[in-house]
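What follows draws every value from the coordinates through simple rules; no lab data is involved. Source: prediction; values computed, not measured. No Cβ is skipped: glycine too gets one built from the backbone with ideal geometry, and neighbour counts run over all protein chains shown.
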Amino acid sequence: MSEDITSRREETDLIREVFVYAHRFMGSVFVFRIGARLMDNPGFPGLVGDLALLHENGIKIILVPSGGARIDELLAIYGIATERAEGLRISTPEAMPLIQMAAFDTATRLMNQLARNKVEAVVGNWVRARSYGVRDGIDFQATGMVDKVNVELIRRSIEDDFVPILPCIGWSAVGEPYNISSVELATELAVGLKAHKLFFLTDGELFSSGGIKLPTEGVAFRGEAVSRMTVQAAERALADNPDSLDRTERDMLAHSVTACRSGVERVHFLDGGLEGSVLKEVFSTLGSGTMVHADPFENIRPMTEEDISDVLRLMEPLVQQGNLVRRTEGDLQDRRADYAVFETDGTIRCCGALHRYGSSGAPSWGEIAGLAVDMSYKHIGIGHRMIGFLIEEARRLGLTGVFALTTRTSDWFLSLGFSPATVDDLPEERRLTYDTERKSRIYSLALRDGPR
């Protein structure tokens, strides 16, 4: 009976999770790069069905199919050989008409598969390209790189409820076609459209602990497969595996770093041939592939007016325990610019403030205050990261130093490099408001030389 109850609870939790993510991603932009071999995978129709399901439920999807397999096929039929360098095909003038034909054949095939799922798609000429040029004495001829994407036309197609499909072809300012990387194109689209997610769909699993050297920090596993890694961990993996990663893996991992550094929140690597892999990755916390994401420190942002109720709710347990002074909605509203929040997956898990003191022309000090951490997230060091963020903000503002008042966390502040201080060490404005009944201990950290 207990197993039945546990099973039902897990099913209920899964349903809740799906609804939470479905609501969160409504109206979001997802860009999918579809690997060249996937279209011949038996699971391809199911994959397209799942993409159609995302579209039907309000997620705006853009598709970038790789034409590599079809290009190889057509070139072989016509007996045209091409070479590769730096992982790119050297696109000769003789091969270029067939490359262009193959890229559009692939896009049309994808469009037809979407039509079977009653989803309207449009193949568009929205990419300006420029020549890749001559590198180390190698002329890449009609191979190009993305110069500009017409984001507005793509957005217009999305708003008209079409699914845009972009073949791996771009055109120069004078109308000459270039063969461009689908990985680069998908990344440029995700950045330009401010996509919430970028997906690289392949026909196999990438990145396992047995195949490459991985850093000890910033990486999580699901068995031997890498479940997720921070941007910093991805950069270290690239540096530590000059020969272990194949060219495609290296290219996609490097572009995932570029995307995250340019504002894309999450980049996902999935085996698109596995049943339901996209749905599992989108609508569950555990997922089914590898996710590259921004470091938690980079998820710290200024508090907005809409955050205030969540911040008060986060503070309340600490207020009840006597660890934190009670603040009202008006208090937070008045000093909103001082507060920052730590957000993970759309939920605020930590908050903190930097209040500034000091008259014009005098050295200024900042008070680190209002620090509250979601109890279930304390073990991953969010509070430490928030303190680090506020200290860096104080440095950026040119403050002399920072101080903090506490009744319960003295050892913690000492471990962070703060030193004991007294009421007399406080800026005059803060000294006048010191609560003599609460008797908080005072700790300070100098950031530059100078009198207080």
> Per residue and in Å³, how big is the convex hull formed by the alpha-carbon atoms of region 240-343?
Replying inline: 164 Å³
> Nearest 0.05, what FRET efficiency do E305 and A254 give at R0 = 45 Å with Cβ-Cβ as r?
Replying inline: 0.70
> Between S131 and Y434, what length in nm is gained on full extension when 0.36 nm per residue of separation is reduced by their alpha carbon distance?
Replying inline: 102.5 nm
> Pairs of lysine in region 124-282 with Cα under 25 Å and at least 8 positions apart or on different chains: total?
Replying inline: 4
> Which far-off residues, 5 or more places away or on another chain, put their amide H under 5 Å from the one on D139, with H placed in the peptide plane?
Replying inline: none
>> Which lysines, if any, have their Cα less than 26 Å from the Cα of K378, not counting same-chain residues under 8 positions apart?
In response: K439
>> Just to check I understand the Karplus step: with θ = phi - 60° and J = 6.51 cos²θ - 1.76 cosθ + 1.60, what whole-Hz values come out for region 73-79, glycine and proline as x?
In response: 4, 5, 5, 5, 4, 8, x
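I need the per residue convex hull volume for region 153-216, using only the alpha carbons, in cubic angstrom as a whole number.
163 Å³
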>> Using a Förster radius of 35 Å, what is the FRET efficiency between R84 and K194 based on their Cβ-Cβ separation? Nearest 0.05, please.
In response: 0.60
>> Within 10 Å, Cβ to Cβ, of A102, how many net charges do the neighbouring residues add up to if Lys/Arg are +1 and Asp/Glu are -1?
In response: -2
> Which far-off residues, 5 or more places away or on another chain, put their amide H under 5 Å from the one on I180, with H placed in the peptide plane?
Replying inline: G144, I169, G170
>> As a test, work out the antiparallel percent of DSSP beta bridges whose residues both lie in the chain, rounded to the nearest 5.
In response: 60 percent
> Can you work out ³J(HN,Hα) from phi for every residue in region 220-237, in order, using Karplus 6.51 cos²θ - 1.76 cosθ + 1.60 and θ = phi - 60°, giving whole Hz and x for Gly and Pro?
Replying inline: 10, 10, 10, x, 8, 7, 7, 7, 7, 8, 6, 4, 4, 5, 4, 5, 5, 4
> For L198, what is the net charge nearby, where nearby means another residue's Cβ is under 15 Å from its Cβ and Lys, Arg count +1, Asp, Glu -1?
Replying inline: +2
> Mind ordering 55-68, 405-418 by average Cβ neighbours within 10 Å, highest first?
Replying inline: 55-68, 405-418
> What ranking of K439, K197 emerges when the number of other C-beta atoms within 10 Å of each C-beta is taken as an exposure proxy, fewest first?
Replying inline: K439, K197
> How many percent of all Cα-Cα pairs in the chain sit more than 31 Å apart?
Replying inline: 53 percent
> Using a basic spin-label model with each label point 7 Å from the Cα along Cα→Cβ, how many nm lie between L397 and A76?
Replying inline: 6.5 nm
> Considering amide H positions built from the backbone, and no H for Pro or chain starts, which residues 5 or more places from S91, or on another chain, come under 5 Å of its amide H?
Replying inline: A142, T143
> To the nearest 0.05, how large is the calculated FRET efficiency for S419 and A22 if R₀ is 56 Å and r is the Cβ-Cβ distance?
Replying inline: 0.65
> If one computes the Cα centroid of region 21-71 and of region 298-327, what distance in Å separates the two points?
Replying inline: 39 Å
> So for the pair S244, S410, with labels modelled 7 Å out along Cα→Cβ, what separation do we get in nm?
Replying inline: 4.7 nm
> Using the Cβ atoms and a cut-off under 10 Å, what net charge is assigned to the surroundings of E188, where Lys and Arg are +1 and Asp and Glu are -1?
Replying inline: -1
